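The values are calculated or read from the model by the stated rules, or taken from the named source; none is laboratory data. The model shown is predicted, which means the values in this text are computed figures rather than measured ones. A quick note on method: Cβ atoms are made from the backbone with ideal geometry, for glycine too, and the neighbour counts reach across all protein chains shown. Just so you know, the surface numbers come from the protein's heavy atoms only, side chains and all, with ligands and any DNA or RNA stripped out. Shrake-Rupley method; radii C 1.70, N 1.55, O 1.52, S 1.80 Å.
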Amino acid sequence: MRARPLLVPALALLAALAHGAQTPHRLSVIVLNENAVAVPSARVTLLPPSPAQALRCETGISGFCEFPHVPDGPWQIHVDKEGYYSAVSSIESAASSEIEVTLHHLKEIKETVDVHESPPMIESSQTESQERLTGIDVINIPYPSTHDYRNVLNYIPTVLVDPYSQVHVAGSQTYQTITMLDGLNVTQPSNGQLLLHVSTDAFRSIRVEPSRYSAEFGKGSGGVILLETGIGDDHYRFIATDFIPSWQNKNGWAFDQVNPRLTLSGPIVKKKIWFFDALDGAYQNEIVTELPVDQNEDVVTRLGNLAKVQANLTSRNILTTSFNLNEFHDQHAGLSPQNPQTSTPSVGQPAYQGGIKDQHYFAGGALLEVAFAFNRYDLNQISRGIEPYFISPETAGGNYYLTAHTRADRWQVVSNVYLRPREWHGRHDFKGGMDLDRLRYDANYLRTPISYLREGQTLPTTGDCLTVTPPSPCSRYSIFPGAPALTQYNSEVSGYAQDRWLLTQRLLLEAGLRYDWDQLERRSRFSPRLAATWALDSGGNTKLSAGLGVYYDATAIFLVARPRAGTRIDQFFLPNGQPPVLSSFSADLHSLQAPRVWNESLALERKLPADIYLKVEYIRKRGIHGFVYDLTGPSATNASFALSNTRQDHYDGFQINGRRAFRNGHMIAASYVRSHARSNQVLDFNIDNPQFSSQQPGPYPWDTPNRFLSYGLLPLVKRFDLAYSTEIHTGVPFNVVNDQQKLVEPPGSRRFPTWFTLNTHVEKRFHALGYYWAIRGGFNNVTGRKNWIFVNNDIKSPDFLMFSVYNGRAFTGRIRFLGRK
């Protein structure tokens, strides 16, 4: 009985302790942008008031992340994602089960003084190999022709842009890369070229993924280019750029160019419907100083407009529509010392893209996305007259031989579903989808004869090789029997499924399987892929990524349709005589295997002292069964080229990248790439390629074994900034031919000189007349390096190996009108 008085206070003390103990709660965080669209891969950090360890998670596709066990008490929430401003908020108690955080995209002009850019970070949930430029990078990096975003892609380490503005990702051909605009395929349907034009002021980000990319993306073994453009918010905004023309001093002062851009955005209905419109134009007067003064100008004009509307029909249903219009005209396409005005064609290339996308977020965290889109690319290439066309070892003359009218379009239906995360030995994020495409290619070609002259020979004013009296000044004469108009259709069916398996907070596996089928090949293609990331420390400052997979290309319509593009008959003027040679092409897809690429990579990312982010990566690609045309049973009178799949491509690339971000948007980035891009059959035979040879191995024309890149924006004095960019790379290879256009050396055995360019601009941002302004001036190719574009590769010419045409040192200025204060 004496123990009872001691038991009562002990029970009371335990009850009091139990009542005062903190009970863990489940806390859900939803991260949205300023248009109420979910933000995936945002890092959410919970900071406790005590020195206890912080809690972290990353948002999924629906912008949702969850902390299952959060002790009660006041917490501070930090949300960061590169390309956005950081968001910080406080909660008094974790007992509230859900909190919503809004992240705002970075803008050129900060609207409040207390916002801070999200610092660079190593995303533990990112398995794909990825290089990224923000929309502000696209604007800040100085490079020639800043109205064309394709030129800034050259500052992504795995990308090389050739002189024709075509992009090669990780050693691949252009048609092996798929380009997505706001989630929709905008790759040119017939030849896979990157012809899409969008105002450089319209971008929020440009991402390039050369390896470990999701099973969602197929039809491109080279990689994926992901273009994301902006949308309006609840503030009216307008930006005007480059609205003042410039002048140039080449053989005297002349008009240079004007490239005006105007961007408007804002609400139609606040908090519900927004618009975005990016209009741009270009008028360029390109002068080739090696040509006579009255015949050295080429005028290029362009007009484009991207219009978008986003409507939040409900809090869970978002509808987005877009339409992009391009009009392009080149008065003297290909003007150079070897191609004077009269021998160049006039080229027009209108293009149109449109789409509508609906996104529905379900209450449980799932997302359904359905989209419909179309794109169309036309080509109108017109000769300047009917004068006989000739090519000599030094130059071309007469009127260009080829008139062409082509049209290529794609109709596309896309559906993606992202399921609610599931728990089973970790967390699983499942997604799947399908893609239905209908493609059409129409072409109509008209070719006139070509006369190939010997060194020092000429033709009569209106004659050709068959009208002159012996001895003939010609080495070769080519005619093209009539080619009927052609139409080629293709239908594509694709589907994929993928699981992202978070085994632990530091280990993530991503496994996917893709299925593709098309009407031309009529073969089922399965693409298994596997990638993984491992955070080597608990703070997320070191990450190891690896992956491997099978990747297929879309069936190249331009290769399939080549046999119907016509034939060529060549007459060679040799001392011992030779009968005419007929060149023809044939293709039988049903006897061929589907080309595929085995892609594997390994990467290490590390945050170094002083907030330097380092990335080291190795990418290895092996392509087999590649489509290629080669001679079959050649004879004295017949050159038959048949489509086979005996091409094997090899790419090995090692890169090391470093990046350091400072305050107020200042940064510096640098990278070095060591790579090789080669093939066992590197030649591309077609009716317009006069080279005669059997297939041979060699480097691709975009092979650059050594390459260094760097760019940055650094502070100077009194709010002046220095923007710079530089590129150094091994000269690209070229072929050597004789006056009959026959190869006389192995392909790619010679190279252009080493390429080096340094661009430096100074910019000042200020307020005037109640508006924000930015004025920039500086030099492109400040050292005046002669980075040659053309070379005389005819071994019979006295000008053999003479290089020509380069962009010299040029002073450029830019004025940006950024709107009201």
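List of remarks:
- Filtered residue count, region 283-316, keeping only those that are more than 22 Å from GLY354 (Cβ to Cβ), in a strand (DSSP E or B) and in contact with a Ser or Thr (Cβ under 7 Å, 6 or more places away or on another chain): 1
- Figure legend. Inter-residue proximity from region 572-590: first residues within 24 Å of LEU453 (Cα to Cα), second residues basic (Lys, Arg) and modelled with pLDDT of 90 or more, beta-carbon distance below 9 Å, spacing 6+ or different chains. Indicated pairs: VAL581/ARG568; LEU582/ARG568; SER583/ARG568; SER584/ARG568.
- Hits in region 490-509 (condition: out of contact with any Leu (no Cβ under 7 Å at 6 or more places or on another chain), more than 22 Å from ARG43 (Cβ to Cβ) and surrounded by fewer than 16 Cβ atoms within 10 Å (Cβ to Cβ)): SER491
- A Cβ distance below 6 Å, combined with a sequence gap of six or more or placement on separate chains, defines the contacts here; from region 750-770, residues that are of a type in the set (D, E, K, R) reach residues that are assigned to a strand (DSSP E or B) and open to solvent by 70 Å² or more (accessible area, probe 1.4 Å) in the pairs LYS764/PHE720; LYS764/ILE775.
- Of all residues in region 555-572, exactly one satisfies the criterion of being of a type in the set (D, E, K, R) and either more than 30 Å from ASP684 (Cα to Cα) or open to solvent by 30 Å² or more (accessible area, probe 1.4 Å) (or both), namely ARG564.
- Of all residues making up region 764-791, the number that are over 23 Å from PHE734 (Cβ atoms) and in contact with a Pro (Cβ under 6 Å, 6 or more places away or on another chain): 1
- Scan of region 263-274 for residues that are surrounded by fewer than 19 Cβ atoms within 10 Å (Cβ to Cβ) and under 25 Å from the mean Cα position of the chain (by Cα), ordered by number: LEU264
- Filter result (touching a residue at least 12 places away in the same chain (Cβ under 8 Å), part of a loop (DSSP other than H, G, I, E, B), under 30 Å from PHE779 (Cα atoms) and open to solvent by 30 Å² or more (accessible area, probe 1.4 Å)) within region 680-735: PRO701, TRP702, LEU716, ARG719, THR730, VAL732
- Picking from residues in region 511-554 that are at negative phi and basic (Lys, Arg), the one that is surrounded by the fewest Cβ atoms within 10 Å (Cβ to Cβ) is ARG523.
- Of all the residues in region 42-55, those that are surrounded by fewer than 18 Cβ atoms within 10 Å (Cβ to Cβ) and either of a type in the set (D, E, K, R) or part of a loop (DSSP other than H, G, I, E, B) (or both) number 7.
- Residue check, LEU335 buried (at least 18 other Cβ atoms within 10 Å of the Cβ) and either in contact (Cβ under 8 Å) with a residue 40 or more places away in the chain or of a type in the set (D, E, K, R) (or both): yes
- Matching residues, region 647-679, being open to solvent by 70 Å² or more (accessible area, probe 1.4 Å) and outside any helix (DSSP H, G or I): GLN648, HIS650, PHE654, PHE662, TYR672, ARG674, HIS676, ARG678
- Where strands (runs of 3 or more DSSP E) fall wholly inside region 157-247, the ranges with 3 or more residues that are open to solvent by 20 Å² or more (accessible area, probe 1.4 Å) are 237-241.
- Pairs, first of a type in the set (Val, Ile, Thr) in region 118-134, second in a loop (DSSP other than H, G, I, E, B), C-beta under 7 Å, six or more apart: ILE122/GLY540; ILE122/ASN541; THR127/ARG212; THR134/GLY83; THR134/LEU106
- Screening region 56-82 for residues that are in a strand (DSSP E or B) and among the aliphatic types (A, V, I, L, M) and picking the one that is surrounded by the most Cβ atoms within 10 Å (Cβ to Cβ) gives VAL79.
- Within region 449-478, the set of residues being of a type outside the set (Phe, Trp, Tyr), open to solvent by less than 60 Å² (accessible area, probe 1.4 Å) and within 30 Å of ARG564 (Cα to Cα) comprises PRO449, ILE450, SER451, LEU453, GLY463, ASP464, CYS465, CYS474, SER475, ARG476, SER478.
- With respect to the conditions (1) open to solvent by 10 Å² or more (accessible area, probe 1.4 Å); (2) touching a residue at least 60 places away in the same chain (Cβ under 8 Å); (3) not β-branched (Val, Ile, Thr), LEU153 falls short on a single one, namely (1).
- Scanning region 780-792 for residues that are touching a strand residue (DSSP E or B) at 6+ places or on another chain (Cβ under 6 Å) and not hydroxyl-bearing (Ser, Thr, Tyr) yields a count of 8.
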